[in-house]
Amino acid sequence: MTDPADLIVVGAGPAGLAAAATALAGGLRVVLLDSGTALGGQYWRHPPEHARAAVPTDDLHHGLDRYRALCKALAQHRTSGRLDLRLEHHVWSAVRDGDGFAVHAVDRHEAPRETAVVVRAPRLLVATGAYDRQLPFPGWDLPGVLTIGGLQALLKGGGVAAGSRVALGGTGPFLLPVAAGLAARGVEVVEVCEAAHPRAWLRHPGPLLRNPGKWAEGAGYAAALVRHRVPLRPRAAIVAAEGGERVTAVRIASLAPDGSPRPGTERRVEVDAVGVGWGFAPQLDLLVPLGCALTDGVDGNAVVAVDEGMRTTVPGLYTAGETCGVGGAALAVNEGRLAAASVLADSRATRVPADKHLAALRSAVARQRAFARAMALAHPLPPAWSSWLTDETVVCRCEEVTAGAIRSARADGAHDHRQVKQLTRAGMGWCQGRMCGPAVHCLTARRGAYEPAERLVATPVTLGALADLDEAPAGTTCTADTACTAVTACTAGTTGTVCTQASTDNGETDKECS
Amino acid sequence: MTEMIVDGRPLPFVEGQTVAAALVATGRLAWRTTRVGHRPRGVFCGIGVCFDCLVTVDGAPGQRACLVPARPGMTVTTGEGDDD
């Protein structure tokens, strides 16, 4: 693609794929970037095209027809030259640039070699999805304890099961497909511990009845669990993992309504792997530094505030999918379409979706959001989850900060995760608080949604790649006329210094947790 | 089946697998230790967010094994990268 792009889409999961397809159908020129080796994001994670025969994963997926239709649409536009698809591109920053945006990425298709890339366009759509939200427990950092998303990524992306006898725990419907997928690959799923009780759904029957597709999907997974004799334990949690060089057992307890373990109910179950997940945390790393307003989500996460057309408060910046509230792939696809329709309207494109089509989309999004809200209310973080921590439990995995240290910081007056970070280094390591942030927030803040720290570098990038970007000779840097120009190559091995993740999070004390 | 070199030894992998998937497929769940407590760590999030699975790839430290696709002849060194 040599003409300037009209739109940059970051993220090729359900929302980003749908957004790109709609924008392309409307006549726009689109650059689509994703860090993965294949289209699909986490939900439709696939091995790279050339390896699909070696790693069959079709039976692990839901909604593959839609995925294939989106991939086909994108392939046609790629052939016509209006789609510039950039897989294995890790976006580390997005900034305002004149009237539009500049998106900085590193091309890692020859990893660890990195090539700096800058893409510019008047409009930017961020569809970066979410990752598993974690709550620490004693032993959660033992090898063999993974996030449920991690277990599924290994299965869908590489055809690998991380264990042969696995216990799963946490809350939310995502536990079901992970359990079903593992069982389908011959793994003995010894127990699925769901902290909530299914009865909680009955408090919100409306959204359930209006989303029969979701209901059917859940029933399908439940039937698969019955078929594989996988026991599903409501109101139970994995409260500890045991082992040395790797996990060998979990302790499972029944939970009181507040989420505290019921005395005398704890059982020891031998396993060789564990999967845990407590809903999802939206991936906002590119959005927060751009300054778009956030709002409190029902699930305890801060999410991006959007209007009816998925516009953020920053002109020209749109978002869709889990970044504006976790709701699953079907909602993400519709939000992606809606966001792209707004891009088309705002760009004064000639081919915009018909009003009737837009009204149907908005209605579907409203219905699916009602379901997402019911889901969040039915699967909350148990209020008393911290009662299963000991003072020695590691909370920040990177800096190895314990629950005791965080409790001390709180006793010393720290009242949000930023202050805890300053006092204890929790959230200051490699992952920059992505894993421990929600938990530290719960342990210290008394109210409000978890708002992640502002991370100026969304993914580590070698200083060599950055330096080459600055030193690129005239003519190879990006101008408004070149949509995307690879600047120059950098071998990380020779310029091995890695710029990890600068953060502006200086623990400002005026920011109330509200 | 193709091979990469992990800690000087050949490690088979299936085309399309990441370095982490190839390690896990052979039963290895831990391949580095933490700085302070020297705790064993391996793959945790599996999608590039947690940085627990760091390895050195072709001499470049601090690479997330769960993101780097395995390639024939690639040299992977474990137990490094955690102090960078």
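The values are calculated or read from the model by the stated rules, or taken from the named source; none is laboratory data. As the structure is a prediction and not an experimental result, all values here were calculated from the model. Glycine gets a Cβ as well: all are built from the backbone with ideal geometry, and neighbour counts include every protein chain shown.
Observations on the structure shown:
- Selected residue (criterion: modelled with the lowest pLDDT) from residues of segment B:68-84 that are assigned to a loop (DSSP other than H, G, I, E, B) and facing chain A (nearest Cβ under 7 Å): B:Asp84
- Residues that are surrounded by fewer than 21 Cβ atoms within 10 Å (Cβ to Cβ) and in a helix (DSSP H, G or I) are absent from segment A:388-401.
- Filter result for A:Ala18 (touching a helix residue (DSSP H, G or I) at 6+ places or on another chain (Cβ under 6 Å) and of a type in the set (Gly, Ala, Ser)): yes
- Some residue of segment B:1-8 being within 9 Å of chain A (Cβ to nearest Cβ) and modelled with pLDDT under 95: no
- Of all residues in segment B:9-45 being at pLDDT below 95 and of a type in the set (A, V, I, L, M), the one that is farthest from the chain's Cα centre (by Cα): B:Val36
- Here A:Val271 passes the criteria (1) at pLDDT below 95; (2) within 14 Å of chain B (Cβ to nearest Cβ) except the one numbered (1).
- Flag if B:Pro61 is in a strand (DSSP E or B), free of Cβ contacts under 8 Å to residues at least 40 places away in the same chain and within 9 Å of another protein chain (Cβ to nearest Cβ): yes
- From the list A:Val271, A:Val298, A:Val326, the one residue that fits, being under 17 Å from the mean Cα position of the chain (by Cα) and buried (at least 24 other Cβ atoms within 10 Å of the Cβ), is A:Val326.
- Hits in segment B:33-44 (condition: within 7 Å of chain A (Cβ to nearest Cβ) and either among the basic types (Lys, Arg) or crowded, with 24+ Cβ neighbours inside 10 Å (or both)): B:Arg39, B:Arg41, B:Gly42, B:Val43, B:Phe44
- Qualifying residue in segment B:23-32 (condition: touching a helix residue (DSSP H, G or I) at 6+ places or on another chain (Cβ under 9 Å), among the β-branched types (Val, Ile, Thr) and either within 7 Å of chain A (Cβ to nearest Cβ) or assigned to a loop (DSSP other than H, G, I, E, B) (or both)): yes
- For segment A:381-429, a tally of residues being more than 23 Å from the chain's Cα centre (by Cα) and more than 20 Å from A:Val276 (Cβ to Cβ) returns 18.
- Residues being farther than 19 Å from A:Ala458 by Cα and at the interface with another protein chain (Cβ under 7 Å from one of its Cβ atoms) - total across segment B:46-58: 2
- Looking across A:Pro56, A:Pro47, one residue alone is within 14 Å of chain B (Cβ to nearest Cβ), surrounded by fewer than 24 Cβ atoms within 10 Å (Cβ to Cβ) and not aliphatic (A, V, I, L, M). It is A:Pro56.
Results for (1) free of Cβ contacts under 8 Å to residues at least 24 places away in the same chain; (2) under 25 Å from B:Phe44 (Cα atoms); (3) touching a helix residue (DSSP H, G or I) at 6+ places or on another chain (Cβ under 8 Å); (4) not polar (S, T, N, Q), shown as yes or no for each residue.
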| site | (1), (2), (3), (4) |
| --- | --- |
| A:Val230 | no, yes, yes, yes |
| A:Arg235 | no, yes, no, yes |
| A:Leu255 | no, no, no, yes |
| A:Asp258 | no, no, no, yes |
